[in-house]
Amino acid sequence: MATRILTVEDDERIRTAVKLALEDEGWTVEESETGEEALAAFSRKAADVVLIDIMLPGLDGFEVCRRIRKDSDVPIVMVTARADTHDVVAGLEAGADDYLTKPFAPKELSARIRALLRRARASDPASPHLRFGDLEIIPDEGVVRRAGQEIHLTKTEFKLLVELASSPGRVFSREVLLERVWGYGYFGDGRLVDVHVRRLRTKVENDPANPQHVVTVRGLGYKLQA
Amino acid sequence: MKRPRFLPRLGLRARITIAFAVGALLLSALLAASTWGFTRQNQLDQRSTSATTLAVANAENMAQGINAATPDLQELLQAQPRPTGAHPILLYEGDWYPADPSYGEDALPRELIEVVQGGDDARMRYTYDGEVYLAVGVKLDTDVDAAYFEVVSLEELEQTLETLGFSLIAAALVTTLCGAGLGWWAARRVLRPLNRVGAAAKDIARGDLATRVEASDDPDLAQLAESFNEMAAALEQRIERDTRFASNVSHELRSPLTTLSASITVLENHRDDMPERARAALDLMVADVNRFRQLIEDLLEISRFDAGVMHLDVYEVRVAELVMQAVGAATDADIPLDIDSELAGVVVEADKRRLMRVIANLIDNAAKYGGGATRVELRQVDDKVQIAVEDDGPGIPDEDRDRIFDRFSRGLSAADRRTSGGEGVGLGLSLVAEHIRLHKGRVFVEDRPDGRSGARFVVQLPAARGSASSNGNSAES
């Protein structure tokens, strides 16, 4: 089955050009002009990746992202105007897995999408059960339980948790996590890691403000402990 | 034409202070001198008059005494009233009878004796034995040849006058100092509004465009404050408009550029289906759209600096690792890295993306204008971490070393630029300067230390704090 990509972009020319470029990669592209249209299209038929422009008339990109995220762990890429505003952090907090800034090169976009698709499909069948206090991770089933209760993680959050769990107690720098989870080289944006860790904590920690499992090691990175 | 100056030019405040001091000095010196002169004259006259009156009265007594009987001259002399410091002397038939043995004939000036012997009364002020005296001589109205003299010491008066003189000089000095103080204070008051305006102008120049001068009640100063504030407001508006314009233009270019980028990618995907001529045209377009994209990104970055909305995503970054990665990402050329091994674990607080841009831009710059970077150096200098990029191009002449960090200045002549393929937009180095300024660091150009031709761009970043120990988790390559 062909990979389906849902794009939300109000500028018709950009939308068409991006569609052409993505179709050249062999993907099926469904376009929508507004957030409302995109939500309707997504509920009709789920996509494998969603590409959302933040600046939309009516429902903005953050809200579209939040609503999709409510009942789907589909990979989401945000398109922002600038890399250094709080737009990036807000987009990631709304549930996006990654972001791009305009004007982006389509090759960069397809690289991001491919990385997300890999993450969505990757599951190492040989991984053992992992236990960290009240936290239980079953990598081959893609399931995480806290105190016996199953919790929902996005693909990226799950990948991040499994990565940290692969070497309990070891400190992972942001660069390492960026490379292993997002497929970035050295120069990925550290905020991707920080926001995802924050999101992960709200789900796996009893008290996210006072984390017991996903611990920050100042100046070095993060580690997972029981 | 400027007059040659032998003294350093004094400031306005110093000049006002000096003028006040000199005025006070002249005035007080004049007053002191005239006071002293009048007092002296007055006192001397008084002393002379009283001494003369007494001497004349005594002389009359003496004459009566001598005429009355054969007198005991000494006893008669002693009987005359005399104030302290007065010494009577009698000349009787050519013999001298001093009342006080230490004040005899010798204590009298010769001219006075001669005048008195000639028959006239006389008085005279003179110096004897280092002290000042007044002598009065009266020819006695007797049958015999006799004259009465009185020597009066003026030393006490002289001392009084001397003390008065010192007091007056002291008073003049105090007055001068007071004058200087007053001048200094007045100058400060007068200059205070100017200083405020100066400080405000400095703030504005530093980039704080909202600075205004406090309005003043003083009508003389209100106008200065008002016109300064008007100027500042106009300047602020103008700069804001320019900034907004640049930012809006760049933003407007963003969307078409995204379309262009995507469309060109599609064309590139189908390059093989195109005729030869279309392919050549496409290649030109691809190159220039990429350049265009870089330019817009740089312009956006610059307009963010101008709008003051730039903020750094600061992380603790291992600087040695960053330099290695940045150099590797910036160029395929094999540039020798000279990294101080002491810096292996040292971290700096930096925005990784921007620091990488800094290094990439310096390497790009070396490639475009210096024939490619020949060496990248990283070492600790005092409490700073220093990154240097060297090339073996023509170098940068002294007079261009500041200008080269200006926007759209390439520091090279048009002819040189043509040989570099017309690439580069002249924003790279100004972005370096802005990024480094945000990092509270410093960037400059210097000669290569080995004396060979070429430029050496140096970036200094502050305070590499203690090195974070590596847990081996960074060794990923």
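Read the figures in this text as sums done on the coordinates, not as results from a lab. Every value quoted in this text rests on a predicted model; they were computed, and no experiment measured them. FYI the Cβ positions are ideal-geometry reconstructions off the backbone, even for glycines, and counts take in every protein chain you see.
Below is a table of values for the structure above.
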read-out	value
Kirkwood Rh in Å, taken over all unlike Cα pairs in chain B	32.9
0 to 90° range, to nearest 10: angle between helix A:61-70 axis and chain A longest Cα axis	50
Helix-derived mean residue ellipticity, 222 nm - over chain B, DSSP H n ≥ 4, -39500 (n - 2.57), to 500	-19000 deg cm²/dmol
Helix B:155-206 axis, angle to chain B major axis (alpha carbon atoms, nearest 10°)	20
At R0 = 41 Å, FRET efficiency that the Cβ-Cβ distance of B:LEU235 and B:ASN290 yields, to 0.05	0.65
Low-density loop positions, trypsin sites (Lys or Arg not before Pro), the range A:144-226 - DSSP coil, at most 13 other Cβ in 10 Å	A:ARG218
The range A:1-76: relative contact order in percent, alpha carbon pairs under 8 Å with at least 6 residues between	35
Across A:LYS45/A:LYS70; A:LYS159/A:LYS203; B:LYS384/B:LYS440; A:LYS102/B:LYS352; A:LYS70/A:LYS107; A:LYS107/A:LYS155, pairs whose alpha-carbon gap is larger than 18 Å	A:LYS102/B:LYS352; A:LYS70/A:LYS107; A:LYS107/A:LYS155
Proximal charge balance of B:GLY118 [Cβ under 11 Å; K/R count +1, D/E count -1]	-3
Cut-off 20 Å (backbone N to label point 7 Å along Cα→Cβ of A:ARG218), residues of the range A:158-187	A:170-175
Three-way shape label, the range B:319-375, alpha-carbon gyration tensor, a/c 1.5	oblate
Spacing of the two label points (7 Å from each Cα toward its C-beta) at B:GLU105 and A:ARG66, in nm	13.1
Two-site FRET efficiency, B:GLU342 against B:ASP447, from Cβ-Cβ distance with R₀ of 22 Å, rounded to 0.05	0.30
Euclidean distance between Cα centres, the range A:172-212 to the range B:346-361, Å	21
Computed over the range B:208-337, the ratio Rg/Rh where both radii use C-alpha atoms and Rh is Kirkwood	1.23
Length-normalised contact order of the range B:271-375 in % [C-alpha pairs under 8 Å, at least 6 apart]	28
Local net charge near B:ARG238, Cβ-Cβ under 13 Å (Lys/Arg +1, Asp/Glu -1)	-3
Which of B:VAL319, B:ALA200, B:GLN460, positive extreme of dipole for chain B (C-beta unit charges)	B:VAL319
Relative contact order (%) - criterion: Cα under 8 Å, at least six apart; region: chain B	11
Helix B:352-369 vs. chain B, principal-axis angle (Cα, 0 to 90°, nearest 10)	90
Environment charge of B:THR160, counting only residues whose C-beta is closer than 15 Å and scoring Lys/Arg +1, Asp/Glu -1	-4
Extension gain from B:ARG9 to B:ASP141, taking 0.36 nm per residue of separation minus the Cα-Cα distance	39.9 nm
Those GluC sites (Glu not before Pro) in the range B:90-126 that DSSP places in a loop and that have at most 16 other beta carbons within 10 Å	B:GLU93
Low-density loop cleavage sites - GluC sites (Glu not before Pro) in the range B:206-248, where at most 10 other Cβ are within 10 Å (DSSP)	B:GLU214
Residues whose placed amide H lies under 5 Å from that of A:PHE132, excluding near-sequence neighbours	A:ILE137
Residues with amide H under 5 Å from that of B:ALA373, placed H, sequence gap 5 or more	B:ALA367
At R0 = 35 Å, FRET efficiency that the Cβ-Cβ distance of B:ALA79 and B:PHE166 yields, to 0.05	0.30
Equivalent-ellipsoid semi-axes of the protein assembly as shown, from the Cα gyration tensor, Å, largest first	105, 30, 26
